[in-house]
Amino acid sequence: MCGRFYSDKEIAESILRMAGGTAREVNIPKTGDIYPSQQALILSGREPDFYAETMHWGFPRFDRKGLLINARAETAPEKKTFKDAVLHHRCIIPARHFYEWDRDKNKVAFRYEDKSPLFMAGFYRRFEEGDRFIIVTTQANESMQPVHDRMPLILPENQLRDWIYDQKAALQMLAQPSPLLRSVREEEQQTMSINLLTL
């Protein structure tokens, strides 16, 4: 599962560089913690090269009561709500880390050991209010299992182009595991921030 993630200006600027010419047209949205319904910077395949754009997170539910923010990798290609988007409108959602809450409701951040960007697999659909994206989740790996049984499908950088532009390869990626990540609990993050302030 993924219900919140973190982005910063450095990640946004790296995504704009990846997108090349389209970057000139994009205003960097809010950075910091990104919540469902908020805008985030994503990469889509609207052009032969990566296309950077901002989009709101979450599909409106059919009854308009809340949002669908995640889709299960195992069943998304079969679900009426997701099938067309999975096949034709895949995207990448970059983040520094994402959050999950353990059984005691403690917030835990998951990131790469070297803090390099995470690239979460997603897809998008057109609604009355515009295009909106959703994050693909998969079974938790060893680094995530102590906290939750689901996690975002995270792709290595060398698979990003195939995820967006190669339908056959993308469908195969839905079955691959996400990489191992480091978990950092909220109290550790606060301690690190205090230490930096006192240096």
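To keep it simple, each residue is scored yes or no on (1) at pLDDT below 90; (2) open to solvent by less than 40 Å² (accessible area, probe 1.4 Å); (3) touching a Ser or Thr at 6+ places or on another chain (Cβ under 9 Å); (4) of a type outside the set (A, V, I, L, M).
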{"position": "48", "(1), (2), (3), (4)": "yes, no, no, yes"}
{"position": "62", "(1), (2), (3), (4)": "yes, no, yes, yes"}
{"position": "65", "(1), (2), (3), (4)": "yes, no, no, yes"}
{"position": "77", "(1), (2), (3), (4)": "no, yes, no, yes"}
{"position": "100", "(1), (2), (3), (4)": "no, yes, yes, yes"}
{"position": "107", "(1), (2), (3), (4)": "no, yes, no, yes"}
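Counting only residues that are in a helix (DSSP H, G or I) and open to solvent by 60 Å² or more (accessible area, probe 1.4 Å), how many does the stretch 161-175 have?
Within the stretch 161-175, residues that are in a helix (DSSP H, G or I) and open to solvent by 60 Å² or more (accessible area, probe 1.4 Å) number 7.
Collect the residues in the stretch 61-82 that are within 20 Å of residue 155 (Cα to Cα) and not aromatic (Phe, Trp, Tyr), keeping them in residue-number order. Matches in the stretch 61-82: 69, 70, 71, 72, 73, 74, 75, 76, 77. Taken together, the residues in the stretch 116-144 that are surrounded by 12 or more Cβ atoms within 10 Å (Cβ to Cβ) and in a loop (DSSP other than H, G, I, E, B) amount to 6. The residue of the stretch 28-42 that is nearest to residue 81 (Cα to Cα), among those that are surrounded by 15 or more Cβ atoms within 10 Å (Cβ to Cβ) and touching a Leu at 6+ places or on another chain (Cβ under 7 Å), is 36.
Strands (runs of 3 or more DSSP E) fully within the stretch 1-113 that include at least 3 residues being over 29 Å from residue 143 (Cβ atoms): 51-57.
The values are calculated or read from the model by the stated rules, or taken from the named source; none is laboratory data. Please read all numbers here as calculations on a predicted model, not as lab measurements. For neighbour counting, all protein chains shown are included, and Cβ atoms are generated from backbone atoms with ideal geometry for every residue, glycine included. Just so you know, the surface numbers come from the protein's heavy atoms only, side chains and all, with ligands and any DNA or RNA stripped out. Shrake-Rupley method; radii C 1.70, N 1.55, O 1.52, S 1.80 Å.
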